[in-house]
Amino acid sequence: MATPTSTPTHQQTHYTPRNTETVIDIAADVIRLLRAAGETVGVGESLTAGGVMAALTSVPGASAAFRGGVVSYATPLKRLLLGVDAALIAREGVVHGDVAVQMAEGARRSTSFDGVATTWGLGTTGVAGPDPQDGKPPGTVFIGIAHQGASQAWGPFSFPGSRERVREATVMEALARLRDALVARSVATLEVA
């Protein structure tokens, strides 16, 4: 996973619709990979309003890897519950790559307990529609992943369709990006060993 940068890429992130898998297939892969590595995940969601958490917890055995999360639908809750920087929100709005990363980092922090850190954090922020937000059109989405000192943002995505389709695409893409990160780290660990 790449080291965080002060400003994420602002080029359009390519989105490939996933027609051969369901969100539950991807969530099951994520839970399986986390369990195999003895790792955990916490989630910070905005536009998906708990959709990522619902997908993860639909998988039998999820409790071994899923710690919990925060739905910070209202802008002030991103700051209050997930620790997103107020100056960043004032400068960029909440639909931004750095906000997604800080949400993911906050999800890790807020789901750590008893001296045991949550291994991974996943954050989603964007505009489901029907109206623009922070000058961004509906379908604009950023996804953040945090893992023990390394964080990365993806986006902006431009998901097509209705409000519900944008939310569904975001849940699927967020889980797929986390799965990709877990697989890449597993492969890197095997190559080192």
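The values are calculated or read from the model by the stated rules, or taken from the named source; none is laboratory data. All values reported here derive from a predicted model rather than from experimental measurement. Note that we place each Cβ from the backbone using ideal geometry, even for glycine, and neighbour counts take in every protein chain shown. The area values use the complete protein model at the heavy-atom level, side chains included, leaving out ligands, DNA and RNA. Shrake-Rupley method; radii C 1.70, N 1.55, O 1.52, S 1.80 Å.
Just give me the residues in region 123-146 being surrounded by 18 or more Cβ atoms within 10 Å (Cβ to Cβ), in contact with a helix residue (DSSP H, G or I) (Cβ under 7 Å, 6 or more places away or on another chain) and not small (Gly, Ala, Ser), in sequence order. Give the steps one after another, and end with the answer.
Let us first name the residues in region 123-146 that are surrounded by 18 or more Cβ atoms within 10 Å (Cβ to Cβ), namely 123-129, 133, 136, 138-146.
Remaining after also requiring in contact with a helix residue (DSSP H, G or I) (Cβ under 7 Å, 6 or more places away or on another chain): 123-126, 128-129, 138-139, 141-146.
The answer is Thr124, Thr125, Pro138, Val141, Phe142, Ile143, Ile145.
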So Trp120 clears everything in (1) touching a His at 6+ places or on another chain (Cβ under 7 Å); (2) loosely packed, with under 15 Cβ neighbours inside 10 Å except one condition, right? Which one? (2)
Hey, Ser112 hits all of (1) touching a helix residue (DSSP H, G or I) at 6+ places or on another chain (Cβ under 7 Å); (2) in contact (Cβ under 8 Å) with a residue 40 or more places away in the chain; (3) farther than 19 Å from Arg179 by Cα; (4) not charged (D, E, K, R) but one; which does it fall short on? (1)
Within region 32-52, residues farther than 17 Å from Val94 by Cα and surrounded by 24 or more Cβ atoms within 10 Å (Cβ to Cβ) come out as Val41, Gly42, Val52
Using the structure shown, decide if Gly115 is open to solvent by 50 Å² or more (accessible area, probe 1.4 Å), under 22 Å from Ala150 (Cα atoms), at pLDDT 95 or above and among the small types (Gly, Ala, Ser). yes
Taking the residues in region 157-179 that are within 21 Å of Leu82 (Cα to Cα) and in contact (Cβ under 8 Å) with a residue 60 or more places away in the chain as candidates, determine which candidate is surrounded by the fewest Cβ atoms within 10 Å (Cβ to Cβ). Arg167
Scan region 95-112 and give yes if some residue there is open to solvent by 60 Å² or more (accessible area, probe 1.4 Å) and of a type in the set (A, V, I, L, M), otherwise no. no
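Which fully enclosed helices (runs of 4 or more DSSP H) of region 50-155 have 2 or more residues being over 11 Å from the mean Cα position of the chain (by Cα) and within 16 Å of Thr40 (Cβ to Cβ)? Don't jump to the end; show me each part of the working.
Working: elements: 51-57, 75-82, 86-92, 97-110.
Result: 51-57, 97-110.
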